[in-house]
Amino acid sequence: MDKKQKTIIDEMDEFRTLLIGFTVLRKKIIKGQKLTSEEDELFGSLFNEISIDAGKYGPLIKEITGLETLHTSAGPQDIWNWALSSAANTLVVSALDNCISATSRTIGTLKKDIDNGLRDKKTGNLLSLQISKVEATKAFIAHGKGGGALLKLERFLRELGVTPIIVKDQPNLDRTVDDKVQDYLNEVDFVIIFATGDDVIKGKEKDIKQPRQNVIHEIGLAQKTHPGKIIYLLEEGAEFPSNIRPKVYESFARQSLDEAFIAIVRELRNWGFITAGTIRSKT
């Protein structure tokens, strides 16, 4: 197959294969085992090719997995430098194993994102997104304490062109809380359940973190008003009640909402609220 016809998945698969082969030989050297002349020649060839490819694919692996450094006694060090280092110690092995694992995770994420239309299959670059509706798309956000993570979610939606509806920020207009929630649910195009573990439920074996009761209540309302157009986001370490647990949800950490944002984009594309176009790199 001509290289120009290969997808980024094909290229990354080949890169991972080279890394695995290089690692096998590198571990033999570190253990003091002598390479055959053929292995020695292969080792040099793999070293040269991986050194070039690490510069090409390293930034993409870092973007997707965060892999950049290796923790050493001297502090964080560039992981690719260690992976290709001539030092004969366990840090080199650890660096190589981490690079292989991160490359595998990158391939998995790329496959998922490409299938969902989020990345270009040739380059792996994220695609630009545009709202396809003339009227502003509105999203009802059911939330607990929220805090900074909720502000990040609001900002992300606005950048997509979606208007986030936070009930507490809307005028009361002499309504009851239930009427206010119901009125704004009726106005929106879809619902995001932003479930943070704010309530602690005492259990027999361990305490369980669950979303606040208002979030559970709003899930029930949203399931009636927007069946099929609800995005469930659940904070890591928290659990939904048993009646909601079977729903497919995306886990998130308050410090990093990247996976949650990708899940939102995936659903909006599926519902036809956004379309994608390739981001062209500057030359």
Could you grab the relative contact order for the stretch 1-127? Cα pairs under 8 Å, six or more apart, rounded to a whole percent. 30 percent
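Of Leu46, Leu151, how do they rank once you tally other Cβ atoms within 10 Å and put the fewest first?
Fewest-to-most ranking of Leu46, Leu151: Leu151, Leu46.
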Exposure proxy check on Glu14, Glu38, Glu250: fewest-to-most Cβ neighbours within 10 Å is Glu38, Glu14, Glu250
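For a footprinting-style exposure proxy, rank Trp82, Trp271 by other Cβ within 10 Å, fewest first.
Values: Trp82 21, Trp271 15.
So the ranking, lowest neighbour count to highest, is Trp271, Trp82.
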Integer Hz, Karplus 6.51/-1.76/1.60 couplings in order for the stretch 45-50, x for Gly and Pro: 5, 5, 4, 5, 5, 5
What FRET efficiency comes out for the pair Lys145/Asp53, r = Cβ-Cβ distance, R0 = 45 Å, nearest 0.05? 0.50
Difference of contour (0.36 nm per residue) and Cα-Cα distance, His226 to Glu187: 13.0 nm
Students often check this: by mean Cβ neighbours within 10 Å, which of 175-181, 119-125, 29-35 ranks highest, and how do the rest follow? 119-125, 175-181, 29-35
Within a Gaussian network of the chain (alpha carbon springs, distance under 10 Å), most fluctuating of Thr17, Thr163, Thr137: Thr17
From Cα pairs below 8 angstrom and at least 6 apart in sequence, can you work out the relative contact order of the stretch 137-283, rounded to a whole percent? 23 percent
What does a probe at Gln170 reach in the stretch 140-154, counting residues whose amide N is under 12 Å from the point 7 Å along Cα→Cβ? 140-142
HN-Hα couplings for the stretch 15-28 via Karplus (6.51, -1.76, 1.60; θ = phi - 60°), in whole Hz with x for Gly/Pro, come out as 4, 4, 4, 4, 4, 5, x, 5, 5, 4, 5, 5, 5, 4
Gaussian network model of the chain, Cα within-10 Å springs - most flexible of Ile201, Ile192, Ile114: Ile201
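Which pairs break 23 Å Cα to Cα here: Lys112/Lys247; Lys152/Lys229; Lys111/Lys145; Lys62/Lys138?
Lys111/Lys145; Lys62/Lys138
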Ile208 versus Arg158, label points 7 Å from Cα toward the beta carbon: distance in nm? 3.7 nm
Between Thr17 and Arg245, what is 0.36 nm times their sequence separation minus the Cα-Cα distance? Round to one decimal in nm. 78.2 nm
Whole-number value, in Å³ per residue, for the convex hull of the alpha carbons of the stretch 162-283 is 154 Å³
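Would you calculate a helix-derived [θ] at 222 nm for the chain, using -39,500 (n - 2.57) for each DSSP H run of n ≥ 4 and dividing by the full residue count, to the nearest 500? Working shown, then result.
Values: 8 runs with 134 residues, N = 283.
Per the formula, -16000 deg cm²/dmol.
Normalised by the residues of the chain, what does the relative contact order come to in percent, with Cα pairs under 8 Å and at least six apart?
On the way: 363 pairs, mean separation 45.6, N = 283.
Worked out over the chain, it gives 16 percent.
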Return P(r) of the stretch 4-125 (all Cα-Cα pairs; 5 Å bins starting at 0; whole %; ordered from short to long distances). 2, 11, 21, 22, 17, 13, 8, 4, 1, 0
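Report the local net charge at Ile219: Lys and Arg +1, Asp and Glu -1, summed over other residues whose C-beta lies under 12 Å from its C-beta. Could the numbers behind the result be given before it?
Numbers: positive: Arg212, Lys224, Arg245, Lys247; negative: Glu218.
Result for the local shell: +3.
Under a Cβ-Cβ cut-off of 15 Å, what is the net charge of the residues other than Leu173 that fall near it, where Lys and Arg count +1 and Asp and Glu count -1? List each step's numbers first, then the result.
Details: positive: Lys168, Arg175, Lys180; negative: Asp169, Asp174, Asp178, Asp179, Asp183, Glu187.
Residues close to Leu173 contribute a combined charge of -3.
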Long-range Cα-Cα pairs in the chain (distance over 33 Å), rounded percent: 41 percent
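Only the coordinates and a few stated rules stand behind these numbers; no lab work does. Note that the structure is a prediction, hence the values are computed from the model and not measured. Heads up, the Cβs are rebuilt from the backbone with ideal geometry, glycines too, and the neighbour counts pull from every protein chain shown.
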